[in-house]
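Undergrad: Below is one structure. I have some questions about it.
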Amino acid sequence: MNASITSTQYDIRNVLVVPPDAVQEYWQLQYMHDRLKHRLCDIVNPSWTDVLDMICRMGKHMYMIFHQDVAVCEFMLENFTGRSAQIHFSMRPGLKASDSFKIARFGVDSLLVNYLESLYGLIPVPNRASKIHCLRSGFTCLGILPSGLSYQGKIVDAYIMVRGGTHG
């Protein structure tokens, strides 16, 4: 994916070209609002060091969505296969739900129109809010993968979520 995609409202930028203070501010908000444990759900008590490690390892495939120069969303792609990839994302705390869904749809639609045919994700069954957000952002739940994720120190079942492009 290119370093950035721009629409009239939103701008998607690779995290490696985002000013470090903007990256840090976004992740500090995640931490202050107790959301870091959901985004880095396979780590018990995640810290800024864990975020930096993730950026160092996955930065090439990590993106932030900006609205008027404010980071409102972050997403990462991994486990590419064919023209699909697994997606992980987080939203800026304090957004109205309707704006959050709109921003997530913009990001996903941009990926599906320009780069990929489908996206998939695994949502911990105990994290019902994330499942609802994915459904309202256009994903479909295919079912449950038993013992599919590590979530806050436990192995839990995971919802299998998918979103296809023109053919899905």
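Taken together, the values in this text are just the output of simple stated rules run on the coordinates, not laboratory data. Every value quoted in this text rests on a predicted model; they were computed, and no experiment measured them. Positions of Cβ are backbone-derived with ideal geometry, glycine not excepted, and every protein chain shown enters the neighbour counts.
Undergrad: Between Val17 and Leu145, what is 0.36 nm times their sequence separation minus the Cα-Cα distance? Round to one decimal in nm.
TA: Values: separation 128, 0.36 × 128 = 46.08 nm, distance 3.56 nm.
Length gained between Val17 and Leu145: 42.5 nm.
Undergrad: Same structure, new question: Just going by the charge dipole of the chain, with Lys and Arg at +1 and Asp and Glu at -1 on Cβ, which of Pro146, Leu16, Leu77 is farthest out on the positive end?
TA: Projecting each Cα onto the dipole axis, the largest value belongs to Pro146.
Undergrad: Within segment 34-128, list the GluC sites (Glu not before Pro) lying in a DSSP loop whose Cβ has at most 16 other Cβ atoms in a 10 Å radius.
TA: Glu117
Undergrad: About the Cα centre, and with charges only on the beta carbon of Lys, Arg (+1) and Asp, Glu (-1), how big is the dipole of segment 4-119? Nearest 20 debye, please. Walk me through the intermediate numbers first.
TA: Values: 11 positive and 13 negative charges, 43 e Å.
I would put it at about 200 debye.
Undergrad: If contacts are Cα pairs under 8 angstrom and at least 6 residues apart, what is the relative contact order of the chain in percent?
TA: RCO, the chain: 19 percent.
Undergrad: Report, by chain and number, residues whose modeled amide H sits under 5 Å from the one on Tyr151, excluding near sequence neighbours (fewer than 5 apart, same chain).
TA: Amide H neighbours of Tyr151, under 5 Å, 5+ apart: Val156.
Undergrad: Mind telling me which of Leu145, Leu77, Leu119 comes out most flexible in a GNM of the chain, alpha-carbon contacts under 10 Å?
TA: Per the Cα network of the chain with a 10 Å cutoff, Leu145 tops the list.
Undergrad: Right, another one. Just check the chain against the gyration tensor rule for me: Cα atoms, a ≥ b ≥ c as the square roots of the eigenvalues, rounded for a/c under 1.5, and otherwise prolate or oblate depending on whether a/b exceeds b/c.
TA: rounded
Undergrad: Count the lysine pairs in the chain whose Cα atoms sit under 23 Å apart, keeping only pairs 8 or more residues apart in sequence or on different chains.
TA: 7
Undergrad: Per DSSP H run of n ≥ 4, the term is -39500 (n - 2.57); total these for the chain, divide by its residue number, and report the mean residue ellipticity at 222 nm rounded to 500 deg cm²/dmol. Provide the component values of the computation, followed by the final result.
TA: Working: 5 runs with 55 residues, N = 168.
Only helices count here, giving -10000 deg cm²/dmol.
Undergrad: Next question, about the same structure. Figure the gain on full extension for Asp99 and Ala129 (residue separation times 0.36 nm, minus the Cα-Cα span) and round it to one decimal in nm.
TA: Full extension of this stretch gives 9.2 nm more.
Undergrad: Long-range amide H contacts for Tyr115: which residues qualify at under 5 Å (H placed 1.01 Å from N, peptide plane, sequence gap of 5 or more or a different chain)?
TA: Those lying under 5 Å, H to H, from Tyr115: there are none.
Undergrad: So, one more: Would you pull out the residues with amide H under 5 Å of Val72's amide H, same chain only if 5 or more places away, H placed 1.01 Å from N?
TA: HN-HN under 5 Å from Val72: Ile65, Phe66, His67.
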